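Heads up, the thing below is written out as structure tokens.
The values are calculated or read from the model by the stated rules, or taken from the named source; none is laboratory data. This one's a predicted model, so the numbers in the text were calculated from it and none came from an experiment. With ideal geometry, Cβ positions are generated from the backbone for all residues, glycine too; neighbour counts draw on all protein chains shown.
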Amino acid sequence: MADIRKTAALIEETEKLAEGICGLWLRPEAPEVAVSAVPGQFVSVYCRDASRLLPRPISLCEIDRERGRLRLVYRIAGAGTRELSERKAGETIEIMGPLGNGYSLEGLPADGGHAVLMGGGIGIPPLLALARALPGVRTAVLGYRDGETFLREEFEALGCRVIIATDDGSIGTKGNVIDAARENAVRGDMIYSCGPVPMQRGVKAYAAELGIPAQLSLEERMACGIGACLACVCQSREKDSHSHVHNKRVCKDGPVFFADEIEL
Amino acid sequence: MNTRVSIAGVEFKNPVTTASGTFGSGMEYAELVDLNRLGAVTTKGVAIVPWPGNPTPRVAETHGGMLNAIGLQNPGVDVLLERDIPFLKHYDTRIIVNVCGKTAEDYVAVVEKLADAPVDLLEINISCPNVREGGIAFGQDPRMVESITREIKQHAKQPVIMKLSPNVTDITKTAKAAEAGGADALSLINTLTGMKIDINRRTFLLANKTGGMSGPAVKPVALRMVYQTANAVSIPVIGMGGIATAEDALEFLMAGASMVAVGTANFYNPRATLDVIEGIEKYMESSRVEDIKELIGCVK
């Protein structure tokens, strides 16, 4: 975690994956940002418009350590991400990273066992980098609003078993990822999840029912991104050793937490 | 070239510190910023016991600024003394500890705990807009400001800076009250109370409904108040509010601030303090300013 750098990054490629879902491949000038990154970490992306002060935290969808590249996939959620979506290949943006802790690969059986990846909406992208890093059997339960899916084929290309849930029922299970997981009796040695809080509450309960550990990646409004401002806290079950209250910092102590560490 | 300034007998290598709450206790920023370069580190507000702060969302962006309602989450003064002060003592920089409380007794208890610590100055936060008790309640009434300043001064071993709220009609009244109470210096401005509404969810963006506004958008207001205050009192003023560049800092110095603090800019430019220090040096060099004191209050 000693490799946090603020650096310019060249946009090598931009992509549109679905309505309002965009991606880009970045080559940070400081290669360490990509080389030291692990799945589940994120970068702060700075806007060019100076009226938008705060960086946008965006998770790493893919980490190409050999070529020092990062892929970000994000949803256009406001003016800052809209601005980002208008940047073109060949332009540079300012980023800081890699930030946060990332998913832990420990706790799986020696052969890699069976990992269950559960992603809802824009929570799906960081699970792709994770799926690439996991050595064993992987089941990805992916939740979308409707039939306009994204990244699904890429999970399949990595050899994951892919189960789909859609809010409108146009593909797969009608409902959320928990409904889909139940319908398909999904089980494994560890659940890795990312998505909106209500979904993660469901994941936490599902993992508890199965008696397996779960790692949840949380999202919260941030300012500094490095653990100083205490904007992005979540509630911890035990008194936190840094804050000395029942709060953990999503940007620094997370964004990934074991389900039993936090209250949702 | 001399960039040294002194406040209440404490000398600083340069007039740049951090605004309380934007820099933690320096630990997180130490990876990105050489703390030895700073005139001082001003730590996040600390209370006598740990405070959990407000529910989230605690921050929102506004045009050229931001709102925060952290609610003074802090680990308590014992942790500051055991962990943060020893950490900062590894660096060649001054330490200003920001103190918060809910009652006069709270402030006094913290100040007494800090009495024998290697802390250079105390900054008393009587102006936080995000906690119901204490904070701003003390900071808006000149009589309260005077009496709490006097009480803290009776117990403090280090010089005392009173941090003033801009959420008043006439800041020179609370400034003069603090001076009358015995304050050694003043710092201003704390954040301006503001609000943002999420029109899609039809509710407040911040869980606390209101928050303190900071960032470049508040700079002209802060500058005006620093100028008014510096001309109304005879104790030194530490200026802050939207300072992001050396040019911003120079404006505050010329308006009468003896020292400046960089706050919100740390969030989007972790090197902002260093940029300000280096930019001030460059300005002095190119404008042939031998001593920074020539600039302080030069605009009348």
From B:L72, B:L80, B:L67, residue being in a helix (DSSP H, G or I) and within 13 Å of another protein chain (Cβ to nearest Cβ):
B:L80
Which one is surrounded by the fewest Cβ atoms within 10 Å (Cβ to Cβ) among residues in the stretch B:13-23 that are within 9 Å of another protein chain (Cβ to nearest Cβ) and touching a helix residue (DSSP H, G or I) at 6+ places or on another chain (Cβ under 6 Å)?
B:T22
Test B:V10 against the criterion of being within 9 Å of another protein chain (Cβ to nearest Cβ) and more than 25 Å from B:A217 (Cα to Cα), and give yes or no.
no
Identify the residue in the stretch B:24-50 that is more than 15 Å from the chain's Cα centre (by Cα) and under 15 Å from B:N125 (Cβ atoms) and, among all such residues, is farthest from the other protein chains (Cβ to nearest Cβ).
B:I48
Checking A:P126 against (1) farther than 18 Å from A:P213 by Cα; (2) part of a loop (DSSP other than H, G, I, E, B); (3) not hydrophobic (A, V, I, L, M, F, W, C): exactly one of these is not met. Which one?
(2)
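Test B:S127 against the stated conditions and say whether it is buried (at least 24 other Cβ atoms within 10 Å of the Cβ), modelled with pLDDT under 95 and in contact with a strand residue (DSSP E or B) (Cβ under 6 Å, 6 or more places away or on another chain). Show your work before the answer.
Details: buried (at least 24 other Cβ atoms within 10 Å of the Cβ): yes; modelled with pLDDT under 95: yes; in contact with a strand residue (DSSP E or B) (Cβ under 6 Å, 6 or more places away or on another chain): yes.
Answer is yes for this residue.
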Kindly indicate whether any position in the stretch A:166-181 is within 14 Å of chain B (Cβ to nearest Cβ), under 27 Å from A:G136 (Cβ atoms) and either surrounded by fewer than 20 Cβ atoms within 10 Å (Cβ to Cβ) or not aromatic (F, W, Y) (or both).
no
Exactly one of A:G121, A:G100 is within 14 Å of chain B (Cβ to nearest Cβ), among the small types (G, A, S), under 30 Å from A:D189 (Cβ atoms) and in contact (Cβ under 8 Å) with a residue 24 or more places away in the chain, and that one is A:G100
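Name the residue, out of B:E281, B:E251, B:E285, B:E247, that is in a helix (DSSP H, G or I), among the acidic types (D, E) and crowded, with 20+ Cβ neighbours inside 10 Å. Let's see the steps before the verdict.
Values: B:E281 fails: crowded, with 20+ Cβ neighbours inside 10 Å; B:E285 fails: crowded, with 20+ Cβ neighbours inside 10 Å; B:E247 fails: crowded, with 20+ Cβ neighbours inside 10 Å.
Answer to the selection: B:E251.
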May I ask you to list pairs of residues, at least six apart or on different chains, whose Cβ atoms are under 7 Å apart, with the first in the stretch B:239-250 being more than 15 Å from B:T191 (Cβ to Cβ) and the second being surrounded by fewer than 23 Cβ atoms within 10 Å (Cβ to Cβ) and among the aromatic types (F, W, Y)?
B:A246/B:Y283; B:L250/B:Y283
Could you pull out the residue among A:A214, A:A259, A:A231, A:A223 that is over 16 Å from A:V43 (Cβ atoms), surrounded by 17 or more Cβ atoms within 10 Å (Cβ to Cβ), within 10 Å of another protein chain (Cβ to nearest Cβ) and hydrophobic (A, V, I, L, M, F, W, C)?
A:A231
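Looking for something in contact (Cβ under 8 Å) with a residue 60 or more places away in the chain, farther than 30 Å from B:K209 by Cβ and within 18 Å of the chain's Cα centre (by Cα) - is there at least one such residue anywhere in the stretch B:122-139?
Of all residues in the stretch B:122-139, those in contact (Cβ under 8 Å) with a residue 60 or more places away in the chain come to B:123, B:125, B:127-131, B:135.
Remaining after also requiring farther than 30 Å from B:K209 by Cβ: none.
For the stretch B:122-139, residues in contact (Cβ under 8 Å) with a residue 60 or more places away in the chain, farther than 30 Å from B:K209 by Cβ and within 18 Å of the chain's Cα centre (by Cα): absent.
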